[in-house]
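Structure record follows, encoded as structure tokens.
Any read-out appearing in this document is the output of simple, stated calculations on the displayed coordinates, not a laboratory observation. This structure is a prediction, so every number in the text was calculated from the model and none was measured. Heads up, the Cβs are rebuilt from the backbone with ideal geometry, glycines too, and the neighbour counts pull from every protein chain shown.
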Amino acid sequence: MNQDTSSQAEAADQKGGGDLFNTAAGWVLFAAGLGLGLSILSGKYFHGDKPERPEKLGYVIEGAVEESAGPAEMSMAEALNKMPAAELIAAGEKAFSKCQSCHTIDQGGANGVGPNLYGTMGKAVASHPGFAYSAELKALGGTWDWEKMNLWLKNPKAYVAGTKMSFAGLSKIEDRAAIAMYLNSKGSNLPVPSFAADAAAGGEAAAVEGEAEATAAAEAGTDPAAASQ
Ligand code: HEC
């Protein structure tokens, strides 16, 4: 008897559950239909949204690419004049830590994996005595000027395919300018290309800027440069 009652109750439960499920499923279906209908409608009314979005995203990506890849980058002349010479040399000395595993810089320093770099700026390319340069670097010819050094330090293997210098390069013009300036202070003395002359600002503004930079250089000479040594 007991068993019967319970199985009847179970059957009733199941039936009730089934009804409930059907009702719930019906509502879900209805809601889905409503949602679909609304989305079709809104798609008709707000269709303009869709083409706009990818366009905007596209602009953002283009902007980022431009920033890192060229047109937005300042010239070597501008980077060399961006801060007082003493500060730039100090920054270059710090950045030179990336080169020290392969290069010495002091006069008479030994050649290592790479040649000693004393007096390199203004000197003939691949001419340091006692170093076995690659044929590719020797073939570059000319002397190390600001622009050559800029291109070399940016990506040695792109500038001189086949070079022995296994160094990825410095992507920031500021770093390349700082290192070139530091190299120039070690046994070389190439004149720094002027940038103010090319700038749109009038001569007077440039002169005032120059004075301000000279003052800053004098101040920097006592503080950060000393701290870095
Ligand atoms: C992994 C070792 C390595 C590192 C790191 C390295 N170099 Fe070199 N460098 C070389 C070698 C090797 C050569 C010779 C390349 C050749 O003959 O093709 C060279 C050549 C050069 C030359 C040409 C010298 C001449 O006499 O013509 C310059 C300038 C130079 N390196 C600067 C740098 C600077 C600046 C850095 C740091 C930002 C640097 N290198 C980092 C290995 C290195």
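How would you order 175-185, 78-88 from highest to lowest mean count of nearby Cβ atoms within 10 Å?
Highest mean packing first, the order is 175-185, 78-88.
So how do F21, F167, F131 line up by other beta-carbon neighbours within 10 Å, fewest first? Write down the numbers at each step before the final one.
Working: F21 10, F167 17, F131 13.
Final ranking by Cβ density, sparse to dense: F21, F131, F167.
5 Å is the cut-off here: which amide hydrogens, built 1.01 Å from N in the peptide plane, fall below it relative to T143, excluding neighbours closer than 5 in sequence?
V125
Which entries of K123/K172; K82/K148; K94/K164; K98/K154 show an alpha-carbon separation above 21 angstrom in the structure shown?
With Cα atoms farther than 21 Å apart: K123/K172; K94/K164.
In percent, what relative contact order does the range 99-143 have, based on Cα pairs under 8 Å that are 6 or more apart in sequence?
Relative contact order comes out at 28 percent.
What ³J(HN,Hα) values, in whole Hz, does the Karplus curve 6.51 cos²θ - 1.76 cosθ + 1.60 give for the range 157-172 when θ = phi - 60°, with x put for Gly and Pro?
Rounded to whole hertz, the list is 6, 7, 6, 10, 4, x, 4, 7, 6, 8, 9, 5, x, 10, 6, 9.
Compute the distance in nm between two label points, each set 7 Å from the Cα along the Cα-to-Cβ direction, one at A135 and one at N189.
Once both label points are built, they end up 4.0 nm from each other.
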